[in-house]
1. Where the only charges are on Cβ atoms (+1 Lys, Arg; -1 Asp, Glu), what is the dipole of segment 317-387 about its Cα centre, to the nearest 20 debye?
2. Can you pull the percent of segment 309-427's accessible area that's carbon plus sulfur, 1.4 Å probe, other chains left in place?
3. Work through the residues other than N822 whose Cβ is under 13 Å from its Cβ and net out their charges, Lys, Arg +1 and Asp, Glu -1.
4. Under 5 Å between amide hydrogens, which residues at least 5 positions from T1086 or on another chain qualify, with H placed 1.01 Å from N in the peptide plane?
5. Within the set K310/K412; K532/K557; K421/K929; K425/K532; K425/K719; K366/K903, which residue pairs have Cα atoms separated by over 26 Å?
6. Can you tell me the dipole magnitude for segment 710-864 around its Cα centre, using point charges on the Cβ only (Lys, Arg +1; Asp, Glu -1), in Debye to the nearest 20?
7. So which GluC sites (Glu not before Pro) in segment 45-132 end up in coil per DSSP with only 14 or fewer other C-beta atoms within 10 Å?
8. Explain nothing, just the number: dipole magnitude of segment 850-919 about its Cα centre with +1 on each Lys and Arg Cβ and -1 on each Asp and Glu Cβ, in debye rounded to the nearest 20.
Amino acid sequence: MVDLESEVPPLPPRYRFRDLLLGDQGWQNDDRVQVEFYMNENTFKERLKLFFIKNQRSSLRIRLFNFSLKLLSCLLYIIRVLLEKPSQGDEWSHIIWVNRSVPLWGLQVLVALISLFETILLGYLSYKGNIWEQILRIPFILEIINAVPFIISIFWPSLRNLFVPVFLNCWLAKHALENMINDLHRAIQRTQSAMFNQVLILISTLLCLIFTCICGIQHLERIGKKLNLFDSLYFCIVTFSTVGFGDVTPETWSSKLFVVIMICVALVVLPIQFEQMAYLWMERQKSGGNYSRHRAQTEKHVVLCVSSLKIDLLMDFLNEFYAHPRLQDYYVVILCPTEMDVQVRRVLQIPMWSQRVIYLQGSALKDQDLLRAKMDDAEACFILSSRCEVDRTSSDHQTILRAWAVKDFAPKCPLYVQILKPENKFHIKFADHVVCEEEFKYAMLALNCICPATSTLITLLVHTSRGQEGQQSPEQWQKTYGRCSGNEVYHITLEESTFFAEYEGKSFTYASFHAHKKYGVCLIGVRREDNKNILLNPGPRYIMNATDICFYINITKEENSAFKNEDQQKKSNVPRSFYHGPSRLPVHSIIASMGTVAIDLQDTSCRSASGPTLSLPTEGIKEIRRPSIAPVLEVADTSSIQTCDLLSDQSEDETTPDEKMSSNLEYAKGYPPYSPYIGSSPTFCHLLHEKVPFCCLRLDKSCQHNYYEDAKAYGFKNKLIIVAAETAGNGLYNFIVPLRAYYRPKKELNPIVLLLDNPPDMHFLDAICWFPMVYYMVGSIDNLDDLLRCGVTFAANMVVVDKESTMSAEEDYMADAKTIVNVQTLFRLFSSLSIITELTHPANMRFMQFRAKDCYSLALSKLEKKERERGSNLAFMFRLPFAAGRVFSISMLDTLLYQSFVKDYMISITRLLLGLDTTPGSGFLCSMKITEDDLWIRTYARLYQKLCSTTGDVPIGIYRTESQKLTTSESREITSQSQISISVEEWEDTKDCKEHGHHRGNHRNSTSSDQSDHPLLRRKSLQWARRLSRKGPKHSGKTAEKITQQRLNLYRRSERQELAELVKNRMKHLGLSTVGYDEMNDQQSTLSYILINPSPDTRLELNDVVYLIRPDPLAYLPNSEPSRKNSITTAGQDSREETQL
């Protein structure tokens, strides 16, 4: 420390204390030089230029003064003409000399002096080296003509009455007006409409022409008819309007020449002005003009920002936005950088939309365009990404910049943003509502594998519908399916609700069951007044409060409902047959709660692993009376809540100790240690104790840890889930997480195989290596060998994701062409495979599992057209692949963002249903299948009661599969074929008939359609044809059709066999076993559809899949048991998926 201080040099002598007090007096001897900057602006000329030209506000004042001065000179000219007495005679001296009073002359001289001085000064300040450029300017010449004679008359009094064309100052006033408008725009930093400027210039030009003509004709006719100003105005208007009455005409040659010159000038100047105005009008039609400030302050509007506007996107937005009654008075301002499309222009010309939608061509990155759209006064701004671009990351970057620009310009405007890639979400966390396309897409694809048709369920819930689709159809399933599709999610405060007000202080499951039993509404979630988190089915322990916000599924919201049954019941004073007393419980539930009969009360012990069945009573009780169900308790009984099996897999107790120990060592439960992107919601999952080496994640390549090279060699107990994608994007992480969530049973975890066109990067592998049974393979669905290696022959589901590289096609709807053809090939090769596909355009869903000659598909196509003509937004809902959940389009979820403007909770509820967000205490979506042992429940209402009274599950819908009914034409074909067979058998003996049937069966099982291999069949066919030809020409056409149909059936059969042989040969070539390949299983005879919130009296059918919202298993864990918490994270115990009651 001492050394450092010693090294500090002393201060110079001049920095002594006296210098600090008195100042530094030695600067004169210093070599420093003081520099002054911008000395060029201190000159007199620069100061004048700054005041007259550069400074916007002072320049505006100068222009305004100059404009007023020119108008004053024109006004003085008119006063001089009005005060002048009519002259006698026709001498030319009356044109050269005029009578001008001395005061008037003095004013005109003063105006001339000021105008000339200002003109010379501005010319001097704007001088740039070329003096002739300043002198030959038209405004300068006009100024000299109007000002110099008055100044000369000061020194030469005889020239005071000399005529000076002061009326030409109107053109100088027009020039000053144009400059003044430009300075005005610079001063207030805003660009006025170019159309307004051009109209103003046109009007001023017309006024100058008319005023010049009036004054010129009046002056030149001083030696003729001696017209006054009014007569001259009349003559000019009649002449310029091409009417020409002829009552007022010029007499002198000079006035006639002047009229000719003015008409020529008008013919040259006015068309130029009109052409510029027409061009600006066309440009304004393209750009859309402005949304006025007055309208923005008196009317409500929202802004839609898109990079390119397509007709499908526009109609989806308009139909969904204006489906809500309270939005009918809103205006939609579209801000798009591209020119309006022809189809969009036609739609916006429809009166229904032309009065509501305003199209503005502009960029959201320009404050001027945001000002045109009045973004600061908008109720909301929707920013949509362009999903049809190959580079989706670039599209997200554009969306992010638009969101930043809007937030910077209008901080208080609510933002509704659509993003494509999940890794870009954290850039727009400030937005009020964000929908990430890949997050929702992969989550729905994952849930489709374990809860069938989840994508269809979510799509129908987020679409606005009145449930009127399909009501004109003769098919009963279409009527029921269409009516149930009108169910949506609504909200209401408990104390203000008629549905739920009586359940204050009661459990959630009690309120949900009785509200459904009484009103047919399905209560699915609540939110506390002091909490922003929504809880889906918080369970029987949750007690309803008066201030709770209830979320329910119904056809319409409660405010639009009428309750007639209650009034009628009060008038008649007769209780309904199913209910008695204030609690309105069913009769058998009241008897059961009294304990007067032996009923099937749920055992409070842990459930067995016998399967998802609804427990029947004992045989003795079953013979005495029909099964009963325990009532739903108003307040949950702790002893009756089954908590022991919610986080433990009962099957573990049935295994040997060695198996149990190995099982526990294999899996654990916890949060994934690595997330591939910022902003992913942490989810409690099944994990491995140690991450798998990257080499072991490759399915088709052996490594030092294992020697397996195909999916069959692994010997998986459960069927595979295969995902075919182009790249391993971060969205695939959201596909794996729901399938590995902690509440999924460990014994039901399906292996996941990612079939990728391009190898994944290290970051993605680092994220998936902690999940059990997740593999990847580089290959394509175009290659049959790759499909066979990844185990497509024993896969439960094949998920095909639309490829990004095919999205930019010359024709928009062709973006799905490759995906559709590939899926059709898979459908033909593996007919029993469950294929789930994601498409870009919803209109292309009709090509999935396409059958050109299927009569039922053609009937559905006609139904779709009729529904579209009726104005339905869900015309595609009756297509069998969509109804069964085999295909969906992510663009259908755009309505989720639009609905969030009215229902701000819809995005949160959808994320909870899909498992993208996990809120403590909130339930999750799962499903159970109705078996033969469960049919004793009979109705949906009894199932609702059974679930609520035992496990606390809340059912929200049914996925029903039933046999496809044949159409009339198909049934006639089958009948005709049977009749032909009978007629042939009448002509043949019994032995030949048996041989004929035998050889026909052999033909169907053969791999060739050539009839030459079966001579007996060929002989019978010839006999058949001869017999039919004898029946006359009346039935010959029908018979030929019948024969053609039979041949088509035979050809179809042989084609499937040929494909089966192809697949088997490839499997043998690859060394794969052909066992398990079901080549003949075809599912064309069944159809599936969804019933959202069906009526309580809906009958349950075999193989129905019931959608359930199950309570959070972690919500039942006692806080005082740390050992239980440790067992969750380390021991790998499992929750159960089955609903065994």
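The values are calculated or read from the model by the stated rules, or taken from the named source; none is laboratory data. Model, not experiment: these values are computed from the prediction. Cβ: placed from backbone, ideal geometry, glycine included. Neighbour counts: every protein chain shown. All accessible areas refer to the heavy atoms of the entire protein, side chains included, with ligands and DNA or RNA removed. Shrake-Rupley method; radii C 1.70, N 1.55, O 1.52, S 1.80 Å.
1. Values: 8 positive and 9 negative charges, 46 e Å.
Dipole of segment 317-387, to the nearest 20 debye: 220 debye.
2. On the way: 2580 of 5020 Å².
Here carbon and sulfur together make up 51 percent of the probe-accessible area.
3. Working: positive: K803, K818, R828; negative: E726, D757, D782, D786, D802, D816, E838.
Local net charge: -4.
4. For T1086, whose amide H was placed from the backbone, the distant partners under 5 Å are Q964.
5. Numbers: K310/K412 29 Å; K532/K557 22 Å; K421/K929 35 Å; K425/K532 21 Å; K425/K719 34 Å; K366/K903 31 Å.
Cα-Cα > 26 Å for K310/K412; K421/K929; K425/K719; K366/K903; rest within.
6. Working: 15 positive and 18 negative charges, 205 e Å.
With only Lys, Arg, Asp and Glu charged at Cβ, the dipole is about 980 debye.
7. Working: sites: E46, E84, E91, E118; in loops: E84, E91.
Loop-located and lightly packed - E84, E91.
8. Numbers: 11 positive and 7 negative charges, 87 e Å.
I would put it at about 420 debye.
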